[in-house]
Each structure stands twice: as structure tokens, then as C-alpha cells.
1. Between residue B:12 and residue A:12, what is the label-point separation in nm under the 7 Å Cα-to-beta-carbon projection?
2. Based only on other Cβ atoms within 10 Å, what is the fewest-to-most ordering of A:49, A:93, B:40, B:7?
3. Which whole number of Å³ per residue matches the convex hull of the alpha-carbon atoms in the protein assembly as shown?
4. How much net charge surrounds residue A:11 when only the other residues with a Cβ under 15 Å from the Cβ of residue A:11 are counted, with Lys and Arg +1 and Asp and Glu -1?
5. Work out the charge dipole of chain A with +1 on the Cβ of Lys and Arg and -1 on the Cβ of Asp and Glu about the Cα centre, then indicate which of A:104, A:54, A:8 is farthest towards its positive end.
6. Full-extension gain between residue B:94 and residue B:42, please, as 0.36 nm times their residue separation minus the C-alpha to C-alpha distance.
7. Tally Lys/Arg at +1 and Asp/Glu at -1 over every other residue whose Cβ is under 9 Å from the Cβ of residue A:108; what's the total?
8. Within the protein assembly as shown, what is the number of lysine pairs with alpha carbons under 27 Å apart, leaving out pairs fewer than eight places apart on the same chain?
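Throughout, read-outs are computed from the coordinates displayed, never taken from laboratory work. It should be emphasised that the depicted structure is a prediction, and the values quoted were computed from it without experimental measurement. Here the Cβ positions follow ideal geometry from the backbone for every residue, glycine too, while neighbour counts run over all protein chains shown.
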Amino acid sequence: EAAVTQSPRNKVTVTGGNVTLSCRQTNSHNYMYWYRQDTGHGLRLIHYSYGAGNLQIGDVPDGYKATRTTQEDFFLLLELASPSQTSLYFCASSDQGPNTEVFFGKGTRLTVV
Amino acid sequence: QQKVQQSPESLSVPEGGMASLNCTSSDRNFQYFWWYRQHSGEGPKALMSIFSDGDKKEGRFTAHLNKASLHVSLHIRDSQPSDSALYFCAASETNSGTYQRFGTGTKLQVVP
């Protein structure tokens, strides 16, 4: 089964702080995604990538940067964290495009105080 | 605005009963649908996909798609307490370079 590993699993930061969330997938999938999950909104896509060095904008990109350094590694950066970015963040990967199964990590709980 | 809407928000069924979840897309480009299930403390995991009109059955789970109305449903027969989870519908279009859009989720509780 596809493996997607996120770190850290929990993070607390202060308003205005810098945060980097890390994700590694070990299945040579082309696509990687960053979602946030909030009650009442479901899962919303922040950024995604279909290969090393590629970055695409999702539905809620404001306040976030992302970088895909290798086929395996995808990072989400919050450079000036705000309380509105308190959320549960999921990294995910899929082999091809939108019609293939998406495999999720276990999530990172981020709290901005 | 959410392009994929799910109902109900929450649902409680007795053990052994039938659970029915609904999903509608507001974008006619979305023709391909997935159902995902998320247990507490875990990430979502795919249950099944449905790309053609009609029914698709996998064990106790049956999905039904009506492309004309952009409506897909998931029916769980003989519900078990282990089915208690958050269920997401996801929709996508055919073009590469796009991505699945997820709904708001339905929380299912199966009561023993």
C-alpha cells in the first residue's frame, strides 16, 4: 500500500512565526498534494505538484508556499502564520491525474496562537 | 463556493441497518467520483470509485451515479460499528493537471 509520511504530527506556533510541514511518499507517485481539513469545509486543496520542481495552485493558496524538491518530498511553508491557519493538514499522493486513487498521510495538527 | 456538496452532515443508523449518503456536484465538468472514508486520527482512504452511470457494488458498499443530475450516492448495507467514520465524496474532470475536489463530508455513526 502507498505510504505517505508527514512530519511533525503536531505543531504549535505563534502568530507571525514560520512553519514548515514536511511530506515524503515512497511509491514514486507523480502527483503530490497539500490539503487542509476544517469542520464545515471538508478537505480543501492548497497546492499540488506533478513532479519535482513543479508547483500548481489549488483552491485556497493564500498565505501558503510549497516546494517539491524531489519526486518523494513535498513541503508546505507558512512564512507569517496566522490564527486562521490553525487546521489539520494532510499531504497526499497519486500515481497519475485526477481519476486515480489519492493516498493520504496521517495529518499534521497545526495550532497558531 | 464548494463545488461538491454532501448530505446529510451527520447520520446515525443502528447496527445492521442501511446507511445512505448523498453527493452532488455543481460543475458539469466533474464526471468522475470517488468515495473516501476517514476514521478518527487517520487520513482519508479510498473506498471506491464510480465513473459510469448506474450502480457499482463492492461488498457491503454500493455506489450509484446519475451523470445527468451529477448526483452520486453511497449505500452501506448491514452497517457495522467499524463503519462509523467521516465519509467524503470527491469529484474530478478528465483533464490531466487537475485534481479531485472533496465535499464537506458526512459523519456516520453506527449504533450497536
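1. Between residue A:12 and residue B:12, the label points sit 3.3 nm apart.
2. Working: A:49 20, A:93 28, B:40 7, B:7 13.
Arranged by neighbour count, lowest to highest, A:49, A:93, B:40, B:7 become B:40, B:7, A:49, A:93.
3. Details: hull volume 25.7 nm³, N = 225.
Roughly 114 Å³ of hull volume per residue.
4. Working: positive: A:9, A:36, A:106, A:109; negative: A:79.
Overall, the nearby charge balance is +3.
5. Positive-most Cα among the choices belongs to A:8.
6. Numbers: separation 52, 0.36 × 52 = 18.72 nm, distance 2.85 nm.
Extending this stretch completely gives an extra 15.9 nm.
7. Working: positive: A:9, A:11, A:106, A:109; negative: none.
Around residue A:108, the surrounding residues sum to +4.
8. The number of close lysine pairs in the protein assembly as shown is 24.
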